[in-house]
Structures are given as C-alpha cells and as structure tokens.
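Asks: Got a structure for you, questions after.
The values are calculated or read from the model by the stated rules, or taken from the named source; none is laboratory data. Fair warning: this is a prediction, and the values are worked out from it, not measured in the lab. A quick note on method: Cβ atoms are made from the backbone with ideal geometry, for glycine too, and the neighbour counts reach across all protein chains shown. Calculation scope for accessible area: heavy atoms of the full protein, side chains included, ligands and nucleic acids excluded. Shrake-Rupley method; radii C 1.70, N 1.55, O 1.52, S 1.80 Å.
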Amino acid sequence: MHYEEFKKIVKRTYVVLSLFFGLLLIIAGGLVYEMLYPSFLITETDQDIVYEPIENLEVIGKNDIKNGIHEPTGFVDANGLEQVVINCTPCHSAKLVTQNRATREGWIGIIRWMQETQNLWDLGANEAVIVDYLATHYAPENKGRRELLNNIEWYDLKDK
Amino acid sequence: MDRRKFIKEAGLATAASVVGLDIVFSSTLPENYIPLVKEPGNPYKLFGIDPEMTVLNNKPWNIEAKAHLLDDKITPNKYMFVRNNGLIPQSIDVSNWELVIDGESVVKPRTYSLQELKTKFKQYSYQLTLECGGNGRSEFNPPAKGNQWTVGAVSCAKWTGVRLRDILEDVGVKEDAVYIGYHGADVHLSKDPNKEAISRGVPMYKALQNETLLAFKMNDKDIPLAHGYPLRLIAGGWPASASGKWLNRISIRNKIHDGAKMKAPSYSVPCHAVAPGEKVKESDMCIIESMPVKSLITYPKTGAMIEAGSKLEIRGHAWAGELEVAKMEYSIDFGATWKTCALDRPTNRLAWQHFRASVEFPQKGYYEVWARATDEKGVCQPMLVPGWNPKGYLNNACHRIAVKIK
C-alpha cells in the first residue's frame, strides 16, 4: 500500500472514531443530566403528580417467590405474573386483584371499565397474557346461596 | 410537592428506563407509572386502628372491622372501617380550608372558611350509622368485583357539625334544585389531576334532613384524616359513599349529580330483579338511597365454647337506613323458631339500636345463633344472600355466630 493512501485511511478512521466517541460522550452527558434534572428531556412535567418511590428496579426479585406466591404482592407465581405486576400495581394494590374472582369475560369487563373510567392504558399484546393469568388463577367458585361458617377459631368463653 | 423528592423519584424512574427495565413488558406502560412492589406503610400506625382490623386493600386504603370489634355503642376510631376510592390527601391546610357552594341551582354562590362554618351556624351532634353500600359483597355468587367486604364495613360514631340545610338556606336554593353533589380533596388513583376519585351526593330531600351534617368532629375530636379531616358531609343511613370526605365544594344541581361514581354500575342496583349473573344495562340500574334493615351480633365473638346448662348473653346492634328497627329476634335452630331480643330505641334518628338476649341451649353440640332485625314497615332481613346485583351491594342477610355447648 502507498504511504499517502495509508495516511489518508488512518486520518479518515480517526475522524470517524472521534465523531463516534464524541457522540457517545454527548449522549452519556445528556443521560446523566437527565437523571439529575429530569425535566431536561421531558417536555411536559406536571409538578403536582406525586411519584411512587421505587427502590428496587427488579420487578420480580430472585427471592420474592415463596411457596408459589410472589411475596411482595401476594400474586400466584405463574406465567403472566410480571405483566400483571407491571400493569396492575401502578394504580392500585395487588390486594384489589387477589381478593376478587371472575371469569375470563368478567376480567375483560373489569379491564374495559378501568380503561374507560380509570385511565388504564391499552395493554397491547400483554392483555391476552394478563387475562389468561387472571382467568386461570383467580376464577370464581360456586358458593351457593349461603356458605357454611368457616375458619371458626374455637375458644372457651369464661366471662359472661 | 417536595422538589428534591420529585427529582429523586423521577430520577429513579428515568434510571429504570435507562437500564432497560423489562422494556418488552413496559412498552405499553405510560411514563411515570411505577409498579408497586412495596407495602405502602403500616395502616395500624398510620390510622391509629386496632391490629385486629382487616386490610382488604392498601392502595387505595380499604380496611374493615370484625363483628366482635363493633361491640361499643358508639364506634371508636380504632374500630371504624376505612373506605377510600382514591388517595388520601397528603397535606391539609386547615387555616385556609374553604367550602365552595356553587351549581346551577344556587341563588348566591359563595365560599365559607372553616371558621365561618363553625361560628356562623348552630352546631349539632348525632350518632349516625354509616355502612358501605358493598358491605357483605364477599357473599355474592357469582362474585361481584370490588373490595370483598364481609360484615365489618359499618360504624356508628358521634358526628358534630352544622346542618347542610342551614348552609343551603344561607346561599339560597332555586326551585329547580334536584340534587347536591360533593367534591373532596382526595386524589384519583391514576393521579390524573383532571379526574375526581369520587364525587357523589344526595337528592334535595336527604340534603335538607336535620341529621345531614357538614361535620368537623367525630366522637368529640377532629375527624381523623382517613375519615375526612377537616370537613365531611354525613348522610347517615345511606351508602357511606354519599358522605363525602375532605369536603371542599358542594354543588346544588338542577339534575341528578353526575360526578365520579354516580353513574351505574357504581352504587346502583338493578331497578328490576335479575337472575344471578345476568347482564344489566346501565339504563336499567337505579341509584341506591336508604340502606336496608340489618343487624350484627357483636358479643360474643364467633367460636365461643360454653358449659352445658349455662346461658349465653348475646348483644349487638341493628339499623334500617332511613327507618327505625321495630323488632329484633334470634334463632338457634336455623330459623325454625325465633325468639325476641330486648331492643333499645335509637339515641337519635339514623343511629343504630342496641339489642341483647339471654340464650339457652337444650343440649350439648354445635349451634349457630342467627340474628334477624325487622324494620318499622315489617320488612326483615333474609337468611339467604338477597337479590344478586352486578356490583354486590345491599347484602343484608342475617348475621350468625358459631357456638359449641360442651
């Protein structure tokens, strides 16, 4: 290879690399600035909105599952757990889900109601996963017209 | 809000997106919505409630009592159910708290300071029964969505305040007035500032009753934050959702109030009876007004074991919405025979009434004591769960406790 030609290639590579690293530096700087002053990249900031603190970026932690239950939320550990935690718990407690029972149609109805009145977003492809999860693990049981008294804790009644 | 907190939290949210928090799942998740994976605080400390109270939901806070916790004649704060549709206001500025009276049917709209309300109008105290419209929902079959209240979403505290009627007379009400709607300072669950968590109300005839108060005291103290500090509308005998908390505005309407949770299926039942699980059109749903006749055995706690030959003293409360309870009975043979309980008259209209009886058992074994109240119109509590409705309201089936005779 000719010396001049080689010099040219080195020069060109140098320019390209400089531009590349320069750009990286700008992006990194921007991200750091964004972390310190979040309004920098957010065009509309509503200061009245109160954000829930999040200390653990992992949604489903390695040690969160015990006896088939996701302990922090009480949800059954099964396919769809992560989508349910991510989409259901930003607005309300997991307890509002786990204490309810409904058919597939019922759960879809609840999702539609939340979308119409409670600002729930379009769940996209996650909707099928979420509905499958809920209809499978939180399905209704036939309780009849009146259930038996259950979970009675017997005790001696002394004082009268 | 605190700017530092804002930066820190928003910063973490941003960090989450930077490190790529499961982008696959969060692609449809709007910015700034963070999954709640941590308990939002200890309710027993936050609200000063008893550790035996049951937390059904912690966002929004919904907590109920158990039957035996409601034994007091006047319910203390520690045993009072907490029902929220939205988020409890984070800061209350009492010195600048104002109540706005507006609406299509107000003659002169005006604003009162809390101090003006307290000094300008005569104050009244009443014991008023507040029961969640969905109390007993957990028994409906097929299940109804919402907080699965069992029996403990009812209370009867002493409320002190001024009559709404006196305020309405002060501002003047036009002839076309139909309804009043309340507005409060609670925050919608989605934190959307343009949405109200709940804004219900009552028709004019209820608004003008002596016992309908703008209360600033509960049991002779400032109303606890969870129950509406510093000002709450109290409409006893109606679904407690009609008693708006953190009250800052009342609109006098020339139509049925159309605020949040006024529309069916919220706090509405089918106008005509339906089969369990049947689909009901919104236009066929009617807004709940007075709550039905109901009672609760508050002593002893279910599960009592006593010696053969000894009597069991039972007691509790009975209430009937707008009406008075006329008769109270109990049965130890699943309704085959009923015996009468001693029943007190209410301290004032819309207060729950106390009953007691001395129960004898013929032989040893397993028994259930069932309680049944009858209102002044002769309507009594059903033994089975009454008419199914899509949202599971108005379950006034007889309360029962289990007893063993040794």
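Asks: Tally the residues that are over 27 Å from B:Thr119 (Cβ atoms) and surrounded by fewer than 18 Cβ atoms within 10 Å (Cβ to Cβ), restricting the search to the stretch B:143-173. Before you say what the answer is, go through the steps one by one.
Replies: Residues of the stretch B:143-173 over 27 Å from B:Thr119 (Cβ atoms): B:143-156.
From what is left, the residues that are surrounded by fewer than 18 Cβ atoms within 10 Å (Cβ to Cβ) are B:150.
The total comes to 1.
Asks: Something else about it: Just need a number here: residues in the stretch B:357-399 that are surrounded by fewer than 15 Cβ atoms within 10 Å (Cβ to Cβ) and within 20 Å of B:Ala326 (Cα to Cα).
Replies: 4
Asks: Taking the options B:Lys8, B:Lys78, name whichever one is open to solvent by 50 Å² or more (accessible area, probe 1.4 Å) and at pLDDT 70 or above.
Replies: Sole residue among the options that is open to solvent by 50 Å² or more (accessible area, probe 1.4 Å) and at pLDDT 70 or above: B:Lys78.
Asks: Still on this structure, please answer the following. Which residues, taken from the stretch B:321-378, are among the charged types (D, E, K, R) and over 27 Å from the mean Cα position of the chain (by Cα)?
Replies: At the first step, the residues of the stretch B:321-378 found to be among the charged types (D, E, K, R) are B:322, B:324, B:327, B:329, B:333, B:339, B:344-345, B:349, B:356, B:360, B:364, B:368, B:372, B:375-377.
Of everything in the stretch B:321-378, those that are among the charged types (D, E, K, R) and over 27 Å from the mean Cα position of the chain (by Cα) turn out to be B:Asp333, B:Lys339, B:Glu360, B:Lys364, B:Glu368.
Asks: Moving on. Within the stretch B:315-355, take every residue that is of a type in the set (Asp, Glu) and not in a strand (DSSP E or B) and give me the one that is surrounded by the most Cβ atoms within 10 Å (Cβ to Cβ).
Replies: Among them, the one singled out is B:Glu324.
Asks: Taking the stretch B:246-265 on its own, how many of its residues are in contact with a Lys or Arg (Cβ under 9 Å, 6 or more places away or on another chain) and either modelled with pLDDT of 95 or more or outside the structural domain of B:Leu168 (by TED's automatic domain parsing) (or both)?
Replies: 9
Asks: Next up: Across the stretch A:137-160, what is the number of residues that are among the hydroxyl-bearing types (Ser, Thr, Tyr) and more than 7 Å from chain B (Cβ to nearest Cβ)?
Replies: Count: 1.
Asks: So, one more: So in the stretch A:122-146, with the set limited to residues that are exposed (fewer than 12 other Cβ atoms within 10 Å of the Cβ) and of a type in the set (D, E, K, R), which one is nearest to B:Pro386 (Cα to Cα)?
Replies: Out of the qualifying residues, it is A:Glu141.
Asks: Sticking with this structure for a sec: Among the candidates B:Ser310, B:Ser290, which residue alone is part of a loop (DSSP other than H, G, I, E, B), without any contact (Cβ under 8 Å) to a residue 12 or more places away in the chain and surrounded by fewer than 19 Cβ atoms within 10 Å (Cβ to Cβ)? Talk me through it step by step, then tell me what you get.
Replies: Values: B:Ser290 fails: without any contact (Cβ under 8 Å) to a residue 12 or more places away in the chain.
Only one candidate qualifies: B:Ser310.
Asks: Filter the stretch B:56-69 down to the residues that are open to solvent by less than 40 Å² (accessible area, probe 1.4 Å) and either within 16 Å of B:Met218 (Cα to Cα) or part of a loop (DSSP other than H, G, I, E, B) (or both), then identify the one that is modelled with the highest pLDDT.
Replies: The residue in question is B:Ala65.
Asks: Hey, does the stretch B:240-250 have a residue that's polar (S, T, N, Q) and either in a loop (DSSP other than H, G, I, E, B) or crowded, with 19+ Cβ neighbours inside 10 Å (or both)?
Replies: Kept after step one, since they are polar (S, T, N, Q), are these residues of the stretch B:240-250: B:241, B:243, B:248.
Keeping just the survivors that are either in a loop (DSSP other than H, G, I, E, B) or crowded, with 19+ Cβ neighbours inside 10 Å (or both) gives B:241, B:243.
Yes, the stretch B:240-250 has at least one match.
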